[in-house]
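The values are calculated or read from the model by the stated rules, or taken from the named source; none is laboratory data. Bear in mind that the values here come from a model prediction, so they are computed numbers and not experimental data. Reconstructed Cβ throughout: ideal geometry from the backbone, glycine too, with neighbour counts over all protein chains shown.
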Number of protein chains: 2
Amino acid sequence: MKEDFLKNWDTQLKKGLLPLFVLQALRNKECYGYELIQELKSAAGIDISEGTIYPLLIRLMKEELLHYKWVEQPSGIPRKYYSISQEGKKCLTEMKKSLETTHSKIRKL
Amino acid sequence: MKEDFLKNWDTQLKKGLLPLFVLQALRNKECYGYELIQELKSAAGIDISEGTIYPLLIRLMKEELLHYKWVEQPSGIPRKYYSISQEGKKCLTEMKKSLETTHSKIRKL
DNA sequence: TTTAATACCTTGTATAACGATGTATTATTT
DNA sequence: AAATAATACATCGTTATACAAGGTATTAAA
């Protein structure tokens with residue numbers, strides 16, 4: 001019953017929540033993109049595709065909510081490690097506050 | 001600080017939440033579009049513009065989550081009253097469940 | 001030797017909020 | 001009487017973003 005609708009709804013919901021997920025995850029520990037996908041999946045069951053995470057990280061960088069550094073590996077491809085900035089922490093706090101407000105709005109209906 | 005970012009974030013968040021807001025509001029009582037805007041504003045402080053609500057109602061109609069009927073007024077423009085369908089109620093239940101799951105995912109991070 | 005996993009990335013498509021704009025009716029204000 | 005605002009419907013162009021698909025490169029496993 002309306003599985004397409006619900007699937008699409010989930011996708012739309014992510015458009016708001018993913019930046020919060022990423023900032024929150026990076027508040028706990030530095031991660032590189034590929035790792036973030038696995039981290040969010042294993043820690044919270046959140047599925048993000050590569051086509052989503054890399055552009056998202058670039059956006060958050062442009063907003064200066066994240067910093068990054070390349071880290072060479074003894075073998076294999078270098079990793080781009082992201083960490084949250086002061087600005088990012090402030091934003092995360094605001095976002096959580098806003099989400100809580102939104103949640104209370106739902107309860108009012 | 002990063003007000004543009006936060007404003008845009010709120011907008012993106014709405015993309016998932018508005019269908020739920022509308023279905024929930026219509027579960028309580030039949031409304032016409034223009035009334036829904038005022039209803040959501042006064043009941044829960046949710047701002048929706050006309051350019052958002054009318055296409056949204058049309059989408060929910062196409063999914064058969066809503067029914068509507070024109071109601072002539074003693075004076076003025078006829079109103080298009082929307083009510084939630086059985087299918088809509090089921091969807092709303094699923095959406096709330098899904099949102100609760102999502103909320104618990106956030107807490108896990 | 002081929003497949004899979006790791007690790008980065010871009011492009012095209014679909015979806016949806018929003019401001020602007022349009023139409024029409026009625027009420028209020030000047 | 002005329003102009004403005006409020007009611008009530010709607011569409012269109014812009015912008016943002018998730019995702020599938022595809023691309024590049026390295027290393028490990030089958």
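Return yes when B:Leu6 is more than 10 Å from DNA strand C (Cβ to nearest atom) and farther than 20 Å from B:Gln86 by Cα and no when it is not.
Yes.
Under 7 Å by Cβ, and 6 or more places apart or on different chains, what pairs join a residue from the range A:87-109 that is surrounded by 15 or more Cβ atoms within 10 Å (Cβ to Cβ) with one that is aromatic (Phe, Trp, Tyr)?
What qualifies is A:Cys91/B:Phe5; A:Met95/B:Trp9; A:Leu109/B:Phe21.
Taking the criterion of being in a helix (DSSP H, G or I) and surrounded by 14 or more Cβ atoms within 10 Å (Cβ to Cβ), would at least one residue in the range A:70-84 satisfy it?
Checked the range A:70-84: no residue is in a helix (DSSP H, G or I) and surrounded by 14 or more Cβ atoms within 10 Å (Cβ to Cβ).
Would you tally the residues in the range A:42-65 being among the β-branched types (Val, Ile, Thr) and in a loop (DSSP other than H, G, I, E, B)?
2
Does B:Glu30 satisfy the criteria of being more than 7 Å from chain A (Cβ to nearest Cβ) and under 11 Å from the mean Cα position of the chain (by Cα)?
So B:Glu30 fails the test.
Of the residues in the range B:59-93, how many are within 11 Å of DNA strand D (Cβ to nearest atom) and within 14 Å of another protein chain (Cβ to nearest Cβ)?
Residues in the range B:59-93 being within 11 Å of DNA strand D (Cβ to nearest atom) and within 14 Å of another protein chain (Cβ to nearest Cβ): 2 in total.
Could you say whether any residue in the range B:53-60 is away from DNA strand C (no atom under 14 Å from the Cβ), over 30 Å from A:Phe21 (Cα atoms) and β-branched (Val, Ile, Thr)?
No; the residues of the range B:53-60 include none that is away from DNA strand C (no atom under 14 Å from the Cβ), over 30 Å from A:Phe21 (Cα atoms) and β-branched (Val, Ile, Thr).
Residues are listed down the side, and each one gets a yes or a no for (1) under 16 Å from A:Thr101 (Cα atoms); (2) modelled with pLDDT under 95; (3) in a helix (DSSP H, G or I):
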{"residue": "B:Thr11", "(1), (2), (3)": "yes, no, yes"}
{"residue": "B:Phe21", "(1), (2), (3)": "yes, no, yes"}
{"residue": "B:Leu40", "(1), (2), (3)": "yes, no, yes"}
{"residue": "B:His67", "(1), (2), (3)": "no, no, no"}
{"residue": "B:Lys90", "(1), (2), (3)": "no, no, yes"}
{"residue": "B:Met95", "(1), (2), (3)": "no, no, yes"}
